[in-house]
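The values are calculated or read from the model by the stated rules, or taken from the named source; none is laboratory data. Remember, predicted model here, so these are calculated numbers, not experimental data. As a convention, Cβ positions derive from the backbone with ideal geometry for all residues, glycine included, and neighbour counts pool all protein chains shown. Side chains are part of the model used for accessible areas, which takes the heavy atoms of the whole protein and leaves out ligands, DNA and RNA. Shrake-Rupley method; radii C 1.70, N 1.55, O 1.52, S 1.80 Å.
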Amino acid sequence: MADDNSDIIEVENTESSEKAFDFLRTVKTLLGLNDDSTDSLLSVYVEMTKQSILNFCNISELPTALNYTLCAMVADTYRELKSANTTGEVVGNVSSISEDGRSVSFSSGQEFKRSVEDKISRTTELIRYKKLYRLD
């Protein structure tokens, strides 16, 4: 008689065995930044870009295949905004952040939003993950 537990296969929890993707570190590497002076700004840019991608694709969770796409979009937008400003500062500096309410205020963030939206509309990689709504 076979043991009842002989058919049980142990499955490794891949979520706990893999480290979470570090968007901020990846963006900073792409930009060649070594200090922490832009961390809060870049973190907000990552979240804004992520939300824009989720909205564009009509999905609730970012597929891991788009992690580097998101980072490249943030880095490109950061470079564009920095070079577009004659003072060398990044346009759209964060003026306030509140943690629990998840609200972020910008002194002038429209340029960043417009730049991200332009990139999303041109990014064919995102089209593969876009979900269409069905009307019943």
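Brief remarks follow.
- For region 17-32, taking the residues that are surrounded by fewer than 17 Cβ atoms within 10 Å (Cβ to Cβ) and of a type in the set (A, V, I, L, M), the one that is modelled with the highest pLDDT is identified as Leu30.
- When residues of region 33-74 are limited to those that are in a helix (DSSP H, G or I) and of a type in the set (Val, Ile, Thr), the one surrounded by the fewest Cβ atoms within 10 Å (Cβ to Cβ): Thr64
- Selection status of Ser115, among the small types (Gly, Ala, Ser), modelled with pLDDT under 85, over 13 Å from the mean Cα position of the chain (by Cα) and open to solvent by 30 Å² or more (accessible area, probe 1.4 Å): no
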